[in-house]
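Inspection log for the structure reproduced underneath, given as C-alpha cells.
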Amino acid sequence: MSLVLDPAAQDLLFREARTANTFTDEPVTDEQVQAIYDLVKYGPTAFNQSPLRITLVRSAEARERLVKHMAEGNQPKTASAPLVAILSADNEFHEELPQLFPHFPQAKDAFFSERPVREQAALVNATLQAGYFIMGVRAAGLAAGPMTGFDFDGVQKEFLDADHTPLMIVNIGKPGDDAWFPRSPRLELDQVITTV
C-alpha cells in the first residue's frame, strides 16, 4: 500500500465520488456545514491568506435570484439542490493577515499593498480552497455539484460586492435518482507527469 488513507476513505473522497446532478430533498444542516468548514480550513494557502468566502443560499427568495443567473442547463439543478454555496475570492484578504500570519504581520503591506497582486493571489488561493471545500463536502457523506456555468457579473452584483470575485457555484446534498453522468476518462500518469 503506497497510501496510508483507508481505502474506503479513498473511495469516498476520490474513486467513487462524482459530481451530482440531482439531489434528494434531505436538508443540509448548519451542523454539517460547520463540520465541513472545521475540516477544510486547515488546507494550506500562501501566507495562510485563506481568501475563500462562502455565501450559502438557503432562502427561496435568494434561490430564485441565483437561478436566473445560472446557465440554462444548470438552472434545474440549482433550483432543486438542498443547499447551494457561492464560492468567491476575497480580494481584501490582506486585512486578515495580521491575525492569520502573526509571525510576519508586515506581509499585509510588504507583499499585498497593490490590488492587482491581491486579486491574483486571491484567485489562486481561493480556487485551491474551493477544491478543499468540495473534498470536505464529500467527507461529510454528501455530494457536491460544482459549476462555473453562470453569469459571473450577475452573481457578483446580486450577492457579493466589488471586493469579492465569484469562482463557482456548488450544489450540495445527498445524491438523488440518476445523479451521475457516465464517468469520464482521466489522463494516465505519463500524460501528466514529467521528470527532469
Using the Cβ atoms and a cut-off under 10 Å, what net charge is assigned to the surroundings of LEU52, where Lys and Arg are +1 and Asp and Glu are -1?
+1
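Checking the a/c ratio against 1.5 first, then a/b against b/c, what shape does the Cα gyration tensor give for the range 8-119? Working shown, then result.
Values: a/c = 2.47, a/b = 1.66, b/c = 1.49.
Prolate shape, in that a/c is at least 1.5 and a/b is the bigger ratio.
From the cross-link list LYS108/LYS174; LYS41/LYS108; LYS108/LYS157; LYS77/LYS108, which pairs have alpha carbons spaced over 29 Å apart? Could you put the intermediate results ahead of the total?
Numbers: LYS108/LYS174 40 Å; LYS41/LYS108 20 Å; LYS108/LYS157 27 Å; LYS77/LYS108 40 Å.
Too far apart for the 29 Å limit: LYS108/LYS174; LYS77/LYS108.
What helices does the chain have that are whole DSSP H segments, at least 24 Å long along their own axis by Cα, and with mean Kyte-Doolittle hydropathy of -0.5 or more?
115-139
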Compute the relative contact order of the range 44-103 as a whole-number percentage, counting only Cα pairs closer than 8 Å that sit 6 or more residues apart in sequence.
54
Which of the following values of Kirkwood radius over Cα pairs in Å was calculated from the structure shown: (1) 18.2; (2) 17.1; (3) 17.6?
(1)
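Under the rule a/c < 1.5 gives rounded, and otherwise a/b versus b/c splits prolate from oblate, where does the range 74-140 land using the Cα gyration tensor? Let's see the in-between values first.
Values: a/c = 3.40, a/b = 2.17, b/c = 1.57.
Prolate.
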Highest mean packing first, using Cβ neighbours within 10 angstrom, the peptides 182-189, 161-168, 40-47 sort as 161-168, 40-47, 182-189
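Could you pull out the chymotrypsin sites (Phe, Trp or Tyr not before Pro) across the range 150-189 that fall in loop regions by DSSP (anything but H, G, I, E, B) with no more than 13 other Cβ atoms inside 10 Å? Show your work: numbers first, answer last.
Numbers: sites: PHE150, PHE152, PHE159, TRP180; in loops: TRP180.
Answer in residue order: TRP180.
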Hey, can you find the accessible area per residue of the chain for me, probe 1.4 Å, expressed in square angstrom?
58
Given labels modelled 7 Å from the Cα in the Cβ direction, how far is it in nm from VAL192 to ASP178?
3.1
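The values are calculated or read from the model by the stated rules, or taken from the named source; none is laboratory data. What you see is a predicted model, and the numbers here were worked out from it, not measured in a lab. So basically every Cβ, Gly included, is an ideal-geometry build from the backbone, and we count neighbours across all protein chains shown. Accessible surface is based on the protein model in full, side chains and every heavy atom, while ligands, DNA and RNA are left aside. Shrake-Rupley method; radii C 1.70, N 1.55, O 1.52, S 1.80 Å.
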